[in-house]
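This report concerns only the one structure given below.
The values are calculated or read from the model by the stated rules, or taken from the named source; none is laboratory data. Bear in mind that the values here come from a model prediction, so they are computed numbers and not experimental data. Here the Cβ positions follow ideal geometry from the backbone for every residue, glycine too, while neighbour counts run over all protein chains shown. Surface accessibility is based on the protein's heavy atoms, side chains included, excluding ligands, DNA and RNA. Shrake-Rupley method; radii C 1.70, N 1.55, O 1.52, S 1.80 Å.
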Amino acid sequence: MHVSAATDFLTSSTALCAAVLKLRGEQLAAELGRIARDLLASPQGSFVLPGQPAGGAVPQLACEVVSGAHCHGRFVVSGRAAYDEGDRRLLAALAELAASLLQVNDFALRSTRAYLDLEAELSQQAQILDQIHESVLTMDQTGYITSWNKGAERLFGYSAQEAVGRNILFLYAEEDTGFHDAFVEQGGRMMEVRRRKKSGEVFWASLSLSPLHDREQRAVGLIAYLTDITERKYAEERLHHLAYYDALTGLPNRSLMAKLVDQALMTAQRKGATACILFVDLNRFKMFNDTLGRATGDELLKRVAQRFRQVLREQDVVARLSGDEFAVGLFDIREHFEATTVAHKLQAALVEPFMIEGHDLRVGASIGISVYPQDGTDAEALLRVADIAMARAKPGGDGDSVTFYSHDMNQGMQERMRLESGLRQALANGELLLHYQPKFEISTRTMVGAEALVRWLDPRRGLVPPAEFIPLAEATGLIVQLGEWVLEAACAQAALWQAAGLPPFRLAVNVSAREFSAALPGRVSDTLARYQLDPSWLELEITESTLMHDIERVIAIMDRITALGVSLSLDDFGTGYSSLSYLKRFPIDTLKIDRSFTTGLPFDGNDCAIASTIISIGRQLRHKVIAEGVETVQQLEFLRDAGCDEVQGYLFSRPLPAADFETQLRAGWLHPG
C-alpha cells in the first residue's frame with residue numbers, strides 16, 4: 001500500500017463529493033475511476049456500473065459500492081505489482097463513502113423530480129381552475145383564505161394577492177352573521193348568500209361549501225364555490241311582488257292575504273286565540289270611477305289604502321282584494337267584538353274628503369266581519385262569509401254599517417249539500433264525460449295537445465258548470481275519485497285515437513293536490529299498461545301550490561312519473577309561491593300561465609308584466625310556456641311578441657266532445673292566428 005494514497009484520502013473524498021454533485025452518467029463513472037486510480041496509485045482503475053463488464057486487464061483489486069440492498073456499481077483497480085490489506089481497506093472506505101453520497105444524491109434527484117412533477121400538476125390544476133367561470137376559493141378552519149382562482153377575481157374584483165391571507169368575513173355584506181357554523185364540520189351544503197365586491201356592490205351568490213382534507217383525511221378547511229345569481233334573485237323578487245302585491249296600492253293582494261291569514265290562524269289555534277276578518281267595500285266608489293274616469297278612481301283607491309294603513313296596527317294585515325274591496329286581518333285580539341272598534345276606525349278614516357284633481361270626493365265603507373274559529377278555519381272560508389256579511393251590511397248600497405256574519409245568511413248551504421250528494425251519484429251512475437280543449441303552437445299554428453276537462457251531465461239539471469262542482473269536490477275529498485275517473489277516461493279515449501292511427505299529441509289531465517301522492521306514479525303506469533297507451537300521449541298538469549310542501553318528496557314523485565315517459569306541466573303558474581331555486585329542480589316540461597294573468601292582456605300593465613316575466617323565466621329554465629284563457633286576437637299578439645310557445649282558449653275553440661274534437665283534428669286543425 002502506498003502511504004501517499006492513504007494520506008491523500010481526504011483529498012479523494014473531496015473530489016468524490018464534487019463529482020457526485022456535479023457529474024452524471026459516463027462522466028461521473030469516469031471521474032470515480034480516476035479518483036480510485038489516484039488514491040491507490042494504480043495505472044488502471046475504473047468505476048463499473050451494475051451489469052457492465054470491467055474491461056481491460058484482469059482486476060487485481062475490486063470493491064462493490066452498495067447502500068442497503070442497492071448496488072450502485074464497483075471500483076476496479078489493477079496494474080501494480082501487488083496490493084496489500086491497507087489498499088483493500090482504503091478502497092473499501094472510498095466505496096463506502098461513494099455509496100453514501102450516491103444514495104443521498106439519488107434521493108435528492110428523486111425528490112427534485114417529484115417536486116417538479118407536483119409543481120407541474122399544481123400549475124395545470126391552477127390553469128384549469130382559472131378557466132372555470134365559477135369562483136373557487138379555499139380557506140382554513142378559521143376562515144382565512146388560502147387560494148383564490150381567476151373566477152373569484154372576476155366576481156369580486158380582488159386579485160389573489162389582495163385576497164389570500166385575509167379572513168373571508170371581509171367579503172360579507174353587513175347583515176351577514178359570523179363565519180363559523182356547521183359548514184366547517186359538515187360541508188357540502190348549498191345556500192344563497194349576499195356578498196360584497198371590491199367596488200362596494202352587494203350581490204346575491206349561490207354558495208356551495210365542501211370540506212378540505214389533508215392526506216390523513218383530517219379536516220383542514222373548506223372549498224367554496226360561488227356563482228352570481230343576482231339577476232335570478234331579482235327576477236324572483238319581481239315575480240313575487242307582481243304575483244302577491246297589488247300594483248296600484250302596494251298592499252298585499254288576495255293570494256298573499258290568504259297565505260298571511262292562514263299562517264296567523266295556525267298561531268291563533270296553538271294559543272286558543274280569537275281572530276277576525278273584515279271585508280270592506282267602498283260606498284259610492286263606482287259612481288266616481290264611472291263619472292270621473294279610471295285615473296281618478298285609481299288615485300282614490302291609493303289614498304284610501306294609505307288611510308287604512310295609518311289607522312291600523314303594525315301587526316294587522318290589510319289587503320286590496322279587487323276593485324274597491326279591501327280586507328283586514330286582526331289576530332292579536334282578546335274578544336271578537338274588538339273588531340267593531342277597528343271597523344269604526346276604518347270608517348272614520350274615510351270621513352275627511354279626498355281632494356283629487358279639484359274634486360271633493362267622499363266615500364264610505366260597508367264592512368262585514370267573520371270570526372275564527374266559529375265562522376271558518378281557513379282564510380278562504382273566513383273571507384267568503386265576511387263577504388256575505390258585507391253584502392248584508394249594505395242593503396241600500398250607500399249605508400256605512402258593520403255586520404257580523406251569522407249562519408242564517410248562507411242560504412246556499414242546503415243547495416251545497418244537494419250538489420255533493422248528486423256528485424257522488426254522478427260518479428257511481430256514469431253521468432260524467434270529458435270534453436277536450438285544443439292547445440296550439442303559436443309559431444306553426446298547429447294543434448299540439450289538448451286538455452281533458454270533466455263535465456257533469458245531471459239528468460235533472462242538465463250540464464252542471466265545472467265552477468260549481470270542482471271546488472265542491474276539492475272541499476269534500478271527492479276530487480280523488482273524480483281525478484281517477486278522468487285519468488281512466490282520458491287514457492281510454494287516447495288509446496282509441498292511437499289505434500285509429502292518429503299521430504300522438506299530449507293529452508293533459510289535471511292532478512289535484514290530494515291526488516299527488518306516492519301512489520300516483522304506480523296508478524299512471526298501470527293505466528298506461530291497461531290501455532297499451534304510449535306515454536307520449538299523456539301529460540299531467542299539476543297546480544303550483546301542490547309543489548310547495550315537502551319538496552324532496554314531490555321531486556321524487558315527479559321523477560318517477562317522468563321516468564315513465566309522461567310529460568309534466570305546471571298549471572296556474574304565478575298564483576302560488578314557487579321559489580325559483582326549487583322550480584329549476586322540478587322535472588317539468590311546460591309552465592302554464594294562469595287565465596287570471598291572461599284576461600287583462602294587453603291593456604293591464606300588471607298582467608303584461610307578470611305574463612312577460614313568466615315567459616322569460618320559462619325560457620331561462622328551458623321550459624315551454626303556454627297561456628290559457630286566450631280569447632282575443634290582441635291577447636294572442638301580445639303573447640306571440642313576448643315569446644310564448646303555446647296558447648289555449650275560446651279564441652281557438654271551446655272544449656269539445658270527443659267526436660267533434662276528432663272531426664276537427666282529422667280536418668287539419670289550424671288556429672286563427
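V164 versus S596, label points 7 Å from Cα toward the beta carbon: distance in nm?
5.5
Looking at the chain, send over the antiparallel percent of its DSSP beta bridges, to the nearest 5.
Percentage antiparallel, nearest 5: 75.
Sort S322, S512 from largest to smallest accessible area, using a 1.4 Å probe on the heavy atoms of the protein chains.
S322, S512
Please give the FRET efficiency for V220 paired with S616, using the beta carbon to beta carbon distance and R0 = 45 Å, rounded to the nearest 0.05.
0.55
Separation between the E64 and E231 pseudo-spin-labels, each 7 Å from Cα along Cα→Cβ, expressed in nm?
For the pair E64/E231, the computed spacing is 7.3 nm.
Can you compute the helix-only [θ] at 222 nm over the chain? Use -39500 (n - 2.57) per DSSP H run of at least 4 residues, normalise by all residues, nearest 500 deg cm²/dmol.
-14000 deg cm²/dmol
List the residues whose amide H sits under 5 Å from the amide H of I229, counting only those 5 or more places along or on another chain, with H placed 1.01 Å from N in the peptide plane.
Amide H to amide H, under 5 Å and 5 or more residues apart or across chains, I229 pairs with W204, A205, S206.
Select one label from (1) 1.06; (2) 0.99; (3) 1.61: the one whose number is Cα Rg over 2.2 N^0.38 Å as derived from the coordinates shown.
(3)
Read phi for every residue in region 295-302 and hand back ³J(HN,Hα) as whole Hz from Karplus 6.51 cos²θ - 1.76 cosθ + 1.60, θ = phi - 60°, with x for Gly and Pro.
So the J values, rounded to whole Hz, are 4, 5, x, 5, 5, 4, 4, 5.
What is the distance in Å between the Cα centres of region 584-616 and region 312-390?
30
Please work out the average accessible area per residue across the chain, using the 1.4 Å probe convention, and give it in Å².
Per residue, the chain has an accessible area of 49 Å².
List the relative contact order of the chain as a percent without decimals, with contacts defined as Cα pairs under 8 Å and 6+ residues apart.
7
Which whole-angstrom value gives the distance between the alpha carbon centres of region 436-502 and region 195-253?
Here the two parts' Cα centres lie 42 Å apart.
Show the residues, 5+ positions off or on another chain, whose built amide H is closer than 5 Å to the amide H of N283.
G364, A365, S366
Counting only C-alpha contacts under 8 Å and six or more residues apart, can you give the relative contact order of region 484-558 as a whole percent?
41
Among residues other than P602 whose Cβ falls under 14 Å from its Cβ, what is the net charge (Lys/Arg +1, Asp/Glu -1)?
Combined, the nearby Lys, Arg, Asp and Glu give -4.
Going by the alpha-carbon gyration tensor, a ≥ b ≥ c the square roots of its eigenvalues, is region 289-387 rounded (a/c under 1.5) or, if a/c is not under 1.5, prolate (a/b greater than b/c) versus oblate?
prolate
Over region 313-367, what is the relative contact order in whole percent, taking alpha-carbon pairs under 8 Å and six or more residues apart?
Once normalised by length, the contact order is 20 percent.
Excluding same-chain residues fewer than 8 positions from K584, which lysines have a Cα within less than 24 Å of its Cα?
Candidates past the 8-residue exclusion: K233, K259, K592, K624.
Using modelled amide H (1.01 Å from N, peptide plane; none on Pro or chain starts), what sits under 5 Å from the amide H of D458, excluding residues fewer than 5 places away?
The list, which skips near neighbours in sequence, is L463, V464.
Quick check on packing: order 341-347, 24-30 by the mean number of other C-beta atoms within 10 Å, highest mean leading.
With the highest mean Cβ count within 10 Å placed first, the list reads 341-347, 24-30.
Compute the length gained on full extension between V351 and A492: take 0.36 nm times their separation in residues and subtract their Cα-Cα distance, giving the result in nm to one decimal.
So the chain would gain 44.4 nm between V351 and A492.
So what's the angle, to the nearest 10 degrees on a 0 to 90 scale, between helix 479-499 and the longest Cα principal axis of the chain?
The two axes meet at around 70 degrees.
Spin-label point model (7 Å from Cα, Cβ direction): what's the E474 to Q52 distance in nm?
About 9.2 nm, to one decimal.
Give me the percent of the accessible area of the chain that comes from carbon and sulfur atoms, probe 1.4 Å, all protein chains in place.
Carbon and sulfur together cover 53 percent of it.
Sum up the charges of everything whose Cβ sits under 12 Å from the Cβ of S536, counting Lys and Arg as +1 and Asp and Glu as -1, but leave S536 out.
Residues near S536 contribute -2 overall.
Taking a ≥ b ≥ c as the square roots of the Cα gyration tensor eigenvalues, with a/c under 1.5 meaning rounded and otherwise prolate when a/b beats b/c, else oblate, which class fits region 222-283?
oblate
Got a sec to turn the phi values of region 231-245 into Karplus ³J(HN,Hα) couplings, 6.51 cos²θ - 1.76 cosθ + 1.60 with θ = phi - 60°, whole Hz, x for Gly and Pro?
4, 5, 5, 5, 5, 5, 5, 5, 5, 4, 5, 5, 7, 10, 10
Which of rounded, prolate, oblate describes region 200-354, given a ≥ b ≥ c as roots of the alpha-carbon gyration tensor eigenvalues and a/c under 1.5 marking rounded, otherwise prolate only if a/b is larger than b/c?
The shape class here is oblate.
Give me a comma-separated list of calculated 3J(HN,Hα) values for region 584-599, in order, Karplus coefficients 6.51, -1.76, 1.60 applied at θ = phi - 60°, integers in Hz, x for any Gly or Pro.
5, 8, 6, x, 9, 9, 9, 9, 10, 6, 5, 4, 5, 9, 8, 3
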